[in-house]
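Novice: Have a look at this one before I ask anything.
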Amino acid sequence: MKLSKIMLVLVVMIVGSSLLLSAAPKRGKKYAELTFNKGDLFVTPQIGLYSGSIPFGASVEYAIAENIGVGATLMMWFGSGFSVFMPSADAAYHFTMLNVEKLDLFAGVGVGFAIVGGSGITGSSGLSINPFIAARYWFSEKMGVSLRANIGLIGDWTGVGSMLGIVFML
């Protein structure tokens, strides 16, 4: 069952990437060079778009190469009699060859651990693996909006979710 979920996620990511690459408009200068460069640091406070308790947190990403970023995300949920902290280490591939003005599209995976406290929740602490696809739209050189869709693959924290945030380039 879990292997079929993983395969489905990989197929969707590969097909989606292929479609994006083939449909991208071709221009002389790449706008992505202006929004994702080696050495850039991005900080994104964000909220989850889930039903029930709404998580909040932040992510940080550092551009280690022209289109590779590494970072971390911490999301937190608080409810009646429970709390969940979910830190993760993230790696992302940015589609810098897409010449779409003001848009940074990327995909990656987060590996973390859910820490559950209290008795008002049915899930338990454990490992989390979350492939994601995401986009940033830039309003200026230093600020934009971010949307990230996650797919939880293992443990009590499986399912699909998304996060909306404001991204700052430092």
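The values are calculated or read from the model by the stated rules, or taken from the named source; none is laboratory data. Small disclaimer: the values here were computed from a predicted structure and weren't measured. Glycine gets a Cβ as well: all are built from the backbone with ideal geometry, and neighbour counts include every protein chain shown.
Novice: So, in segment 147-170, of the ones that are of a type in the set (S, T, N, Q) and in a strand (DSSP E or B), which residue ends up nearest to Gly71 (Cα to Cα)?
Specialist: Per the criteria, the residue is Asn150.
Novice: Only one residue in Gly71, Gly144 is assigned to a strand (DSSP E or B) and modelled with pLDDT of 95 or more. Which one?
Specialist: Gly71
Novice: Oh, and also: Name the residues in segment 114-141 that are out of contact with any Gly (no Cβ under 8 Å at 6 or more places or on another chain) and either in a strand (DSSP E or B) or within 20 Å of Ile68 (Cα to Cα) (or both), would you?
Specialist: Ile115, Gly117, Ala135, Glu141 - these are the residues of segment 114-141 that are out of contact with any Gly (no Cβ under 8 Å at 6 or more places or on another chain) and either in a strand (DSSP E or B) or within 20 Å of Ile68 (Cα to Cα) (or both).
Novice: From the residues in segment 74-113 that are among the charged types (D, E, K, R) and assigned to a strand (DSSP E or B), which one is surrounded by the most Cβ atoms within 10 Å (Cβ to Cβ)?
Specialist: Asp104
Novice: Now for a different question. State whether the residues of segment 32-49 include one that is under 30 Å from Gly117 (Cα atoms) and at pLDDT below 90.
Specialist: Yes, the conditions are met somewhere in segment 32-49.
Novice: Let me ask something else about it. Which one is nearest to Arg148 (Cα to Cα), of the residues in segment 62-119 that are of a type in the set (D, E, K, R) and in contact (Cβ under 8 Å) with a residue 60 or more places away in the chain?
Specialist: My answer is Asp104.
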